[in-house]
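As structure tokens, the structure follows; a few thoughts come after it.
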Amino acid sequence: MNTTLLLLVFFVITILIGIVLRALLKHSAFMPYSVALLLVGICLGSFVNGDYSNPFLSEITAAFNLASQLNAELILFIFLPALVFESAFSLEVHLFKRMFSQIALLAIPGLVICTLLTALFAVLVLPWQWSIPSALMFGAIVSATDPVAVVALLKEMCSRARLQTLLEGESLLNDGTAIVLFTLFLVLAIDVQTQFDLPYVVIEFIRVVAIGAVTGLITGVLSLTFINRVFNDSQIEITLTLVLPYLVFYVAEHLFHASGVVAVVTLALIYAGPGRTRFSPEVIESLHHVWHSLSYLFNTLIFMLVGLVIAARLSLDELVYWPYLVATYFAIFVIRALAVTIMTPVLSRIGIGMTKEKSIVLVWGGLRGAVSMALALIVASNESLPQGIRDQILFLTAGIVVLSIVVNGSTMAKVMALLGLNKLPKAKQEAFAKVEQKIELKLEQTKNQLKTDTLLQHINWHQVSNSVERQKLSKNQPVEPNVATEYLRKLLEAERQYYWNQFQLGLIGQRATQVLVAAIEKALDGEPQVYPRDSLTDTWEIPPWLVTLKSIPGLQKVYGAYLYRHQVICFESAKGVFGAIQSITPLATSLSHNEQLTQSTLTQLNQLQDIAKNRLDDFSKNHYSMVEKIESDIAARVLLNTERHELHKMAKHGLISEGDAEKLVCSIEKKMHKLKHRRH
């Protein structure tokens with residue numbers, strides 16, 4: 001069987017193993033899926049070199065043996081761009097921006113500290129007489145928390161968005177730091193005549209990161225400009241997001257010798273933030289589903305591969321190495337704890353702050369994974385280095401990867417439970433208590449409807465009660481005094497979701513949605529506030545540059561076009577605010593136990609709604625023709641959306657064939673596309 005077919009066999013068998021393993025672990029807290037996959041990979045890797053007479057077993061072992069011998073750079077290129085993109089694309093961009101100072105501090109100075117201290121440990125404790133460049137190279141390999149391993153762990157067991165964003169953001173960015181340091185120290189380790197030049201290292205690092213970010217930025221802007229011209233074509237929009245992470249990774253790494261990871265992260269953040277409104281609203285949900293499924297497939301493959309590589313390429317009979325492996329494993333986490341402790345005075349004063357509990361999770365959650373393993377394999381395959389150093393670095397790195405994923409990964413849930421981080425924050429308890437009341441009321445109403453159904457007269461309600469018994473979201477824990485913060489945050493998040501829903505329905509345009517969401521995210525910064533919204537009301541004023549444009553001869557048409565665009569944004573955003581206040585006012589009443597807090601919030605909501613209403617009244621009075629055109633376009637968009645929805649519904653119920661429905665939908669979407677670009 002040729003190489004391509006063997007790799008296909010490996011892919012199919014691995015995914016089937018992953019499906020079975022996921023099904024077995026789905027309702028079990030025994031161990032995380034990623035940890036189990038790694039262990040299965042190690043076990044399978046122990047048998048790939050066996051001699052089997054059965055042709056079927058022989059081909060399967062040949063497939064897994066071939067996979068275990070894949071080139072390290074190929075493994076990185078196949079898996080890293082997609083996994084990094086999916087992780088960054090699913091980040092809460094608003095939180096990432098708020099926490100960027102903390103993430104950057106951990107990912108750059110933090111990793112440099114860990115690299116230096118790990119190298120010092122290697123020189124002073126390990127008995128192999130490594131050169132300083134070799135020790136620094138090893139420090140860079142094992143100091144970076146791997147985005148693949150960390151993200152896989154967090155998605156399984158962490159429900160705290162801020163903590164997840166901090167850990168995930170650090171793991172995404174420090175990979176770029178680790179790779180550039182590794183590359184520089186590898187050159188020094190190979191050529192002992194080369195002198196260490198600190199200014200060169202600093203300048204090179206800045207160049208690598210900056211060019212990577214610019215590559216991702218330019219690609220993101222150009223691709224979003226193209227996507228904005230495509231209307232509701234899921235094949236084009238989704239396929240483009242599948243291709244571009246690999247393109248920017250390749251361009252950054254191989255053409256500019258910059259950080260491919262930084263380029264991919266930048267691209268993903270642009271898509272997740274300002275680019276979200278450029279994708280067709282009908283496609284964005286499918287886009288996330290596709291990437292979520294792809295992430296699962298790639299995570300399954302990468303953890304199986306790492307297990308295979310460790311088992312197939314590592315000689316575990318060198319018992320003399322094991323004490324040094326255990327010592328190094330403990331040392332890197334002590335060093336990470338020391339680095340976090342050193343930076344805590346700064347970390348606690350920037351971003352979202354830092355608590356002792358979060359610091360412990362930050363240290364214990366610093367898993368090493370596929371990236372560290374791939375870098376060690378690059379060292380192992382470099383014949384310019386002494387064979388002893390290559391074997392020792394590969395052994396230690398592989399051991400640390402296994403120990404960190406198995407020990408830290410499998411105990412993370414217990415650590416979080418001991419720290420009280422496995423439950424909802426106490427400040428959320430009152431809000432969830434109100435949610436519980438609303439759910440219970442709805443369930444009671446549904447139960448009463450079932451009891452009056454003449455076709456359901458033999459229900460055993462005792463059995464039903466046992467079957468549908470629910471786990472309470474609120475567990476009667478003491479309530480913190482900052483419930484007002486959580487209450488306002490819930491309202492603002494509900495308001496933001498209202499704007500996204502309105503955008504998806506076509507009732508608010510792209511630019512107006514961006515303005516409204518940006519205003520909400522600014523209101524969420526620090527202590528959340530419902531009113532005032534200075535950034536929003538400032539947007540409603542005519543910008544000075546537009547006034548200046550009016551006075552320049554020959555630019556009257558340009559001025560008129562930009563003025564109309566500005567008026568459309570103002571009208572749609574004011575309309576959006578007015579509708580949002582109407583939508584969340586009942587929620588403001590139902591979510592709070594505190595009458596004074598409720599009344600204060602309702603007063604602020606009314607003030608904001610009055611400003612929006614006055615703005616709309618002003619438009620109706622002074623810009624009647626413009627309002628008429630905008631509202632007519634909105635009505636046309638809603639009707640076209642309704643017609644398209646009904647056609648899909650009829651096709652689903654067999655009232656019209658799929659082919660005929662697609663032809664009619666295509667005709668409708670041409671009208672919607674024309675309408676979209678006429679409005680904007």
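Quick notes on this one:
- Degrees separating the helix 234-250 axis from the principal Cα axis of the chain, which is the longest one: 40
- Computed [θ] at 222 nm, deg cm²/dmol, the chain (DSSP H ≥ 4; -39,500 (n - 2.57); rounded to nearest 500): -25500 deg cm²/dmol
- Only protein atoms count toward the accessible area here, which uses a 1.4 Å probe; on the chain, the carbon and sulfur part of that area reaches 62 percent.
- In the range 347-420, trypsin sites (Lys or Arg not before Pro) in a DSSP loop with at most 11 other beta-carbon atoms within 10 Å: Arg349
- Sites matching GluC sites (Glu not before Pro) across the range 493-560 that sit in DSSP coil, with at most 15 neighbouring C-beta atoms within 10 Å: Glu541
- Selection from Val371, Val340, Tyr321 lying farthest towards where the dipole of the range 259-403 points positive, charges on Cβ: Val340
- Pairwise FRET efficiency - Gln504 versus Lys97, Cβ, R0 = 30 Å, nearest 0.05: 0.80
- With the cut-off at under 16 Å, measuring from each backbone N in the range 106-141 to a point 7 Å along the Cα-to-Cβ line of Leu338 picks out 110-126, 136, 139-140.
- For the chain, the longest principal axis of the Cα atoms and the long axis of helix 111-124 meet at an angle of about 10 degrees.
- Between Leu546 and Leu419, the simple label model (points 7 Å from Cα in the Cβ direction) yields a spacing of 4.8 nm.
- Reducing the range 630-672 and the range 319-365 to their Cα centroids gives an inter-centroid distance of 56 Å.
- Multiplying the residue separation of Ser46 and Ala210 by 0.36 nm and subtracting their alpha-carbon distance yields 54.7 nm.
- Distance (nanometres) between label positions extended 7 Å along Cα→Cβ at Ile190 and Arg565: 4.9
- Relative packing of peptides 633-640, 210-217 - highest average C-beta neighbours within 10 Å first: 210-217, 633-640
- Shown are Arg22, Arg162, whose ranking by accessible area with a 1.4 Å probe and every protein chain present, most to least, is Arg22, Arg162.
- For the chain, relative contact order (Cα pairs under 8 Å, six or more residues apart, normalised by length) works out to 15 percent.
- Remark: the chain carries 48 Å² of accessible area per residue (probe radius 1.4 Å; ligands, DNA and RNA excluded).
- Pairwise label distance in nanometres, Ser657 with Ala23, each label 7 Å out on the Cα-Cβ vector: 3.7
- Difference of contour (0.36 nm per residue) and Cα-Cα distance, Val243 to Ser131: 36.2 nm
- Using alpha-carbon coordinates, inclination of helix 33-45 to the longest axis of the chain, degrees: 30
- Its Cα gyration tensor gives the chain an equivalent ellipsoid. The semi-axes, each the square root of 5 times an eigenvalue, are 48, 31, 28 Å from largest down.
- One chain, two ends: Asp618 and His257. Fully extended at 0.36 nm per residue, the span grows by 124.4 nm beyond their Cα-Cα distance.
- Using θ = phi - 60° and Karplus 6.51 cos²θ - 1.76 cosθ + 1.60, couplings along the range 410-419 (whole Hz; Gly, Pro as x): 6, 9, 4, 4, 5, 4, 5, 5, 4, 8
- 5 angstrom amide H check on Ile656, placed H, neighbours 5+ away: Ala651
- Sites Ser348 and Gln235 - FRET efficiency at Förster radius 51 Å, r taken between beta-carbons, to 0.05: 0.60
- Shape call, the range 281-381: gyration tensor on alpha carbons, a/c limit 1.5: oblate
- Kirkwood Rh, angstrom, the range 343-407 [1 / mean 1/r, Cα pairs]: 14.0
- Out-of-range pairs (alpha-carbon distance over 30 Å; input Lys442/Lys649; Lys557/Lys621; Lys442/Lys629; Lys442/Lys490): Lys442/Lys629
- Anisotropy class of the range 197-342 from Cα gyration tensor, a/c 1.5 cut: prolate
- Glu527 exposes around 130 Å² of accessible area when a 1.4 Å probe is run over every protein chain in place.
The values are calculated or read from the model by the stated rules, or taken from the named source; none is laboratory data. Computed from a predicted model, the values in this text were never measured in an experiment. Note that we place each Cβ from the backbone using ideal geometry, even for glycine, and neighbour counts take in every protein chain shown. All accessible areas refer to the heavy atoms of the entire protein, side chains included, with ligands and DNA or RNA removed. Shrake-Rupley method; radii C 1.70, N 1.55, O 1.52, S 1.80 Å.
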